[in-house]
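Below is one structure, written out as structure tokens; comments come after it.
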């Protein structure tokens, strides 16, 4: 039996203004774990949306995101999810199935926290009418300071296309951005934007990404 409250208790039409939340979660510093945040970054750089649409860099904030879920009438989530599939594979999960998928096979602490966010929203009967999770199977997450692997970065384009199509059907009115995004408008730190982040990364030869070789004999 579903634990989701009835449609009448989930932001019924006329009860409050329509609010569409687009949320990217994950950790930019752990390679493919940053997939969700990179999707939000790219969406904001490429598109403008109707006033009732909010793009949020959720990072690893966990329970601090509950207010955004509670205020959403429709919620789109981008995240790296371990589905046990081929790296770069996208999978869409909707509505009641989303909390179950977020907790089925956790890759990191942020997924534990966000599953709790969704369940808390359900318990308080402030759950979106519609939820879509666009998840990508990561290739590598154990690379501190790493960036998206090529197969995951390529999958971003299809993920963004899926997201924009859904947002358009929800009435988010996405249109290509005609003016570059100003730094003060960015949902995240511009210094961590993908070009800056990758441009400032030292090479693998300079920065060991698996640990200090003095303490890992197998690396010698």
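No value in this document is a laboratory result; all are computed from the given coordinates. Only a predicted model underlies this, so the values are computations on that prediction, with no experimental measurement involved. Virtual Cβ from ideal backbone geometry, glycine too; neighbours counted across all protein chains shown.
Gain in length, residue 64 to residue 158, computed as 0.36 nm per residue apart minus the alpha-carbon separation, to one decimal in nm?
31.0 nm
Starting with the highest mean, order 24-34, 115-125 by the number of other Cβ atoms within 10 Å, averaged over the residues of each peptide.
24-34, 115-125
Extending each Cα 7 Å along its Cβ direction at residue 142 and residue 175, get the distance between those two points in nm, one decimal.
Between residue 142 and residue 175, the simple spin-label model gives 4.9 nm.
With r defined as the distance between the Cβ atoms of residue 124 and residue 52 and R0 fixed at 25 Å, what FRET efficiency is calculated, to the nearest 0.05?
0.70
Would you please classify the overall shape of the stretch 26-65 from the alpha carbon gyration tensor, given that a ≥ b ≥ c denote the square roots of the eigenvalues, rounded means a/c under 1.5, and beyond that prolate means a/b larger than b/c while oblate covers the rest?
Cα axes put the stretch 26-65 in the oblate bin.
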